[in-house]
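**Student:** The following block contains the structure, expressed as structure tokens.
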Amino acid sequence: MAGDASEPRHRAGRSSSPDIPPTHRNDSPSQGATTSAQSFTPRSLFVGLVIGALITFSNTYFGLQTGWISTMAMPSALIGFSVFKVLTKYLSFPFTPIENVLIQTVAGAVGTMPLGCGFVGVIPALEFLLKDGEDGPKGDGGEGEGGPLQLNFWKLVIWSLGVCLFGVVFAVPLRREVLVREKLRFPSGTASALMLRVLHGADSEKKPVPDQHPDGVLNPEVEAPAQQEEQCRLLLKDVDPEDQTIYSDWRSKMRILIGAFVVSAIYTLFSYFVPLVRDIPLFGVGLAHNWLWTLNPSPAYIGQGIIMGPSTCMHMLFGAVLGWGILSPLAKARGWAPGPVDSWEDGSKAWIVWISLAIMLADSLVSLGWLVLKPVAIRTPRWIALFRTTYLGQWIALRLPSSQTDDHAYVDYSALETRRDSMALENHDSLHVATAKAEDEDAPPSQLVSNRTVAILLPLTLILNVICMHIVFGDIISPWLSSLATILALLLSIMGVRALGETDLNPVSGISKLTQLLFSLATPSSHFSRRTALVTNLLAGAVSESGALQAGDMMQDLKTGHILGASPKAQFYGQVIGSLVGAVLSTAVYKIYVNTYEIPGEMFQTPTAYVWIFTARLVTGQGLPEMAWQASIIAGIVWVVITALRIAAASPSFAVHGKPPAWRDWIPGGIAVAVGIFNVPSFTLARAIGGVIAWWWSRENSNAARRSVSNDNSSGIDDARASTTQDDYRSTQDTETPSSREPQPGAIEKADIASSTVVVLASGLILGEGIMSIGNLLLASGKVPHM
């Protein structure tokens, strides 16, 4: 998520987890370290699988159209809560937030498999975009790539089962570092935890709060019931009637979700019978016919724009103007792309993809490079200070030329360094104390996935992936190259997890393109045929994308569970089951779509498949269209500078009141611009409308929150003055309330609730079209005519 619409989420990420009331568990006092009986239940697993199946259809539909998918974490949690809320009187035991987390985890694992298994990019590229003609080495004068691969259902199932697990297992050892020790924000995971707290808030007021240390671990000693009630009262604070209405009225969000779903579903069904509604000539028939400037008023794409946020949507709109408004007419006029504009062979549509690819690669290399160097840059001063405390460091300091020129200067320098060194030692000791304290904040050992389990499952899943790749693609890619691709995927998934934790964006597209670039070194075109080099390159990128996606999705859900006190072990096994089911289901859904619709075709253009194949051809040394190479180099250099400027603007040196400067949002992000270029304008314009809605919503609710804070501050001052006659000490404490220095938690919570509400609205719009697309799929398979 990006832009103003996601600001409440980032605030939620910065808030401390103790503010969120712990969840109810039915652990007895003597079993404080055991896994709750409600951590993993068949009913929650089943509901999660059903919701995930619906998301799979939705993500396959949108993925084949534009390459965009969503984990749908918040709507999954909301739908699961609503199901059990309706069935409350039929339940044998209460539905808890812990089970809600499991539903979210399983649904996300199933729903993301269309991307994780490559069915929105790599697989269509292999099945439809490899050139016909005789294969051969580079320089033989031919361009043939041996034709598309023939991949039946069972081959795709084997491929999917191999690629769907190793990222999930690898996320387990990363969890302690990024969640427990470093406490990365993972804003979406934190926002989901906030929404679950709101949904279950009414129940938590009636149930006893579990015994916990201040650090969040179950206390082996049981507190008295009165003490528990007091703790619950303090955690819930003084909620006014208006807040209680907001917290307890879960039906309002469900009504929003259902209403948005119905509107979007009706539009989708209508668009099947009247296809012209998908391409409205907003700027005139001439621009629509000659340059593809139309509007698809799809509620789902408007919803996507709401989720993406105004900043990202405006960057995508800038990319559309740059690609389709400037570069496409330029390439056509100069004869660099002589074919029809919408041709992927010799039209300007194919020509500008190379520009978007260069921008994407430049942004990915700079962003991921900084992600690697950032921890080193942050820790370097500390390492230097610690080194100066060693005998070697002191010996070098004594013999530095500057220290021998002036005895007086040496004395001053030594005194100064002694103080710094002592401070460094104190910081070093405090770091160890903080680390030990962080380890104490983790879940009980019985709720964690053991190191032994990881040591067994990680090698097995890696080997499984290599074996499955060999079974399906063994005549093209060697086991050695499959192993190399799998190991590289593990290393790059670390970067994806860290980026997701810090920015709420998992750069899977950048990671896959970086893998393709690196893997071209292992498959030089002089030693491999065109077909082998291309397929190997595509598969290596697909494995990296899958690993980063799985690890990131798992970590977001683990963040939610970590805040609410869910069992990581239950989440892990839920994710594994969901991934296995999703691998098979997404294969079936993909085959249904490709057997029913023309792919690539007018409705499903699979733009990301073209980006994949073009990237593979670029890095394996195949030719580019006329002037595409020069234009790509210029665009790449420009976006190296622009991306570096965006990174620098996010540093503390440019911070204003602890936040990046406002002008940073005006610097276009490379990935968003690239997406705006390779997607036709009709989708981008709809997303831009959603971005404007998100901006308006954020502005209105920010103003409301500021008014609330202002009113609360005035009330706090009046209350403090009134209390001076009763207790001078208390009045002194009250007059310097935190509300006078920063927003009150209640105002922040209201803004967070408003943010979650607009996300629920957007998710309903997306789910409506995605799920109703199943109906359109049945109509198309039945050859029902259009009007």
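**Student:** Calculate the spin-label point distance for Glu598 paired with Ala644, positioning each point 7 Å from the Cα along the beta-carbon direction, and give it in nanometres.
**Tutor:** A separation of 4.7 nm, rounded to one decimal place.
**Student:** Using a Förster radius of 35 Å, what is the FRET efficiency between Trp154 and Trp480 based on their Cβ-Cβ separation? Nearest 0.05, please.
**Tutor:** Numbers: r = 25 Å, r/R0 = 0.72.
Once the sixth-power term is evaluated, E becomes 0.90.
**Student:** Sticking with the crude label model, points 7 Å out along Cα→Cβ, report the distance from Leu398 to Ala588 in nm, one decimal please.
**Tutor:** Placing both labels 7 Å along Cα→Cβ, they lie 7.6 nm apart.
**Student:** Continuing with this model, one more query. Find, among the GluC sites (Glu not before Pro) in region 563-669, those assigned to loop by DSSP (not H, G, I, E, B) with at most 12 other beta-carbon atoms within 10 angstrom.
**Tutor:** Working: sites: Glu598, Glu602, Glu626; in loops: Glu598, Glu602, Glu626.
Answer by residue number: Glu598, Glu602.
**Student:** Just the number, please: carbon plus sulfur as a percent of the accessible area of region 522-670, 1.4 Å probe, no ligands or DNA/RNA counted.
**Tutor:** Answer for region 522-670: carbon and sulfur cover 66 percent of the accessible area.
**Student:** Among 466-474, 192-200, how do they line up from the highest to the lowest mean number of other beta-carbon atoms within 10 Å? Show your work: numbers first, answer last.
**Tutor:** Working: 466-474: 18.7, 192-200: 25.8.
Per-residue mean Cβ counts within 10 Å order the peptides as 192-200, 466-474.
**Student:** While we're looking at this one, here's another question. Would you grab the residues whose amide H sits under 5 Å from the one on Leu295? Only those 5+ places off in sequence or on another chain, please, with H modelled 1.01 Å from N.
**Tutor:** Ile280, Leu282
**Student:** Which distance in Å, rounded to a whole number, links the C-alpha centroids of region 37-95 and region 162-201?
**Tutor:** The two parts, judged by their Cα centres, are 17 Å apart.
**Student:** For Thr532, what charge total do you get from the other residues with a beta carbon under 13 Å from its beta carbon, if Lys and Arg give +1 and Asp and Glu give -1? Intermediate values should be presented prior to the final figure.
**Tutor:** Details: positive: Lys138, Arg530, Arg531; negative: Asp135, Glu145, Asp475.
In short, 0.
**Student:** Right, here's the next one. Could you tell me the distance between the Cα centroids of region 600-647 and region 506-558, to the nearest Å?
**Tutor:** 16 Å
**Student:** What net charge do the residues around Ala362 carry, taking every other residue with its C-beta under 13 Å from that of Ala362, with Lys and Arg at +1 and Asp and Glu at -1?
**Tutor:** Details: positive: Lys513, Arg646; negative: Asp363.
Neighbourhood net charge equals +1.
The values are calculated or read from the model by the stated rules, or taken from the named source; none is laboratory data. Only a predicted model underlies this, so the values are computations on that prediction, with no experimental measurement involved. Note that each Cβ is placed from the backbone with ideal geometry, even for glycine, and that neighbours are counted across all protein chains shown. Note: areas computed on protein heavy atoms with side chains; ligands, DNA, RNA excluded. Shrake-Rupley method; radii C 1.70, N 1.55, O 1.52, S 1.80 Å.
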